[in-house]
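**Student:** Here it is: the structure, laid out below.
The values are calculated or read from the model by the stated rules, or taken from the named source; none is laboratory data. Quick caveat, the model's predicted, so the values are computed rather than measured. When we count neighbours, we look across all protein chains shown, and the Cβ atoms used for this are built from the backbone with ideal geometry, even at glycine. SASA here: full protein model, heavy atoms, side chains in, ligands and nucleic acids out. Shrake-Rupley method; radii C 1.70, N 1.55, O 1.52, S 1.80 Å.
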Amino acid sequence: EFGYINPSNKLTQKGVLLSHLNGYEQIPIMEMVSSKALANMSPVELAASVSALANIDIKKESPKFNTNKEQNAKSYSYEDAAVGKFVNKLESVLNKYNDFSKSESEKFMPVDVNHDLTRNIYAWAYLNSQDEDSVRNWGKIYYSADKRKYKDEGTLFKGIMMTIDLLKQLRDISAEGARVSKTTSDYNYYVDLYENIDKAISLISKEPAIG
């Protein structure tokens, strides 16, 4: 269905890269990586986009009390166009993944993007790119967050830690991607991604999120 094994039952290039990923929703992540959805991003945009991949959640029911479609669309909007475009593409991939997985197993629980966490990690990376005082930046994010969704700082800490872990795994996958690339375009994509990942990690690996 997703092209990870060829007709001879051997791993395709995507399949080889997938074998280097541990944990998470692996197929949606690899679909986004292999389609070059992470190309030409700033470190801030990369950190936010990978946070969307690292923190995919069980899909929640839409709030029944809110029937305003325009308000719902606005609530999931992103101020950064590149991140918004990435998330929209990820949602399309997740819809396909959910449909396929549900057809394979009735017990499968559909998954979705955690928009609130993605926006907050974008803000964390952005503020740290503008101001070296990460403790002050953290206060701006956490104390203005919706406390109904973040009962304690641990929720945000966990999201950031998972994002950092996935970034590190994607760094290794990028190195492997460059090694097995068959075209100059693919090679350049993975080399650029590898270099950009270290910058993204640096932006979000700061106190107090990382002690």
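**Student:** If I filter the range 129-149 for residues that are open to solvent by less than 40 Å² (accessible area, probe 1.4 Å), under 19 Å from Ser51 (Cα atoms), among the aromatic types (Phe, Trp, Tyr) and at pLDDT below 95, do I get at least one hit?
**Tutor:** yes
**Student:** So Leu90 passes all but one of these: (1) open to solvent by 30 Å² or more (accessible area, probe 1.4 Å); (2) of a type in the set (A, V, I, L, M, F, W, C); (3) in a helix (DSSP H, G or I). Which condition number does it fail?
**Tutor:** Evaluating Leu90 over (1) open to solvent by 30 Å² or more (accessible area, probe 1.4 Å); (2) of a type in the set (A, V, I, L, M, F, W, C); (3) in a helix (DSSP H, G or I) leaves (1) as the failure.
**Student:** Mind listing whichever residues of the range 1-25 are over 19 Å from Val191 (Cβ atoms), at pLDDT below 95 and of a type in the set (S, T, N, Q)?
**Tutor:** Asn6, Ser8, Asn9, Thr12, Ser19
**Student:** Just checking, which of Arg119, Arg179 is within 23 Å of Val93 (Cβ to Cβ), touching a Phe, Trp or Tyr at 6+ places or on another chain (Cβ under 9 Å) and open to solvent by 60 Å² or more (accessible area, probe 1.4 Å)? Give the derivation first.
**Tutor:** Numbers: Arg179 fails: within 23 Å of Val93 (Cβ to Cβ).
Residue meeting the stated conditions: Arg119.
**Student:** Additional query: Give the residue, chosen from Lys140, Lys102, that is under 18 Å from Lys60 (Cβ atoms), of a type in the set (Lys, Arg) and assigned to a helix (DSSP H, G or I).
**Tutor:** Details: Lys140 fails: under 18 Å from Lys60 (Cβ atoms).
So the residue among Lys140, Lys102 that is under 18 Å from Lys60 (Cβ atoms), of a type in the set (Lys, Arg) and assigned to a helix (DSSP H, G or I) is Lys102.
**Student:** Would you confirm whether or not the range 73-81 contains a residue that is more than 26 Å from Ala200 (Cβ to Cβ) and either among the small types (Gly, Ala, Ser) or modelled with pLDDT under 95 (or both)?
**Tutor:** Going through the range 73-81, the residues more than 26 Å from Ala200 (Cβ to Cβ) turn out to be 73-74.
Of the ones still in play, those that are also either among the small types (Gly, Ala, Ser) or modelled with pLDDT under 95 (or both) are 73-74.
Yes; the residues of the range 73-81 include at least one that is more than 26 Å from Ala200 (Cβ to Cβ) and either among the small types (Gly, Ala, Ser) or modelled with pLDDT under 95 (or both).
**Student:** While we're on this one: Scan the range 88-108 and report the pairs whose first residue is touching a residue at least 60 places away in the same chain (Cβ under 8 Å) and whose second residue is of a type in the set (D, E, K, R) and surrounded by 15 or more Cβ atoms within 10 Å (Cβ to Cβ), with Cβ atoms within less than 7 Å and a gap of 6+ or a chain change.
**Tutor:** Within 7 Å, the pairs are Val93/Glu31; Leu94/Asp112.
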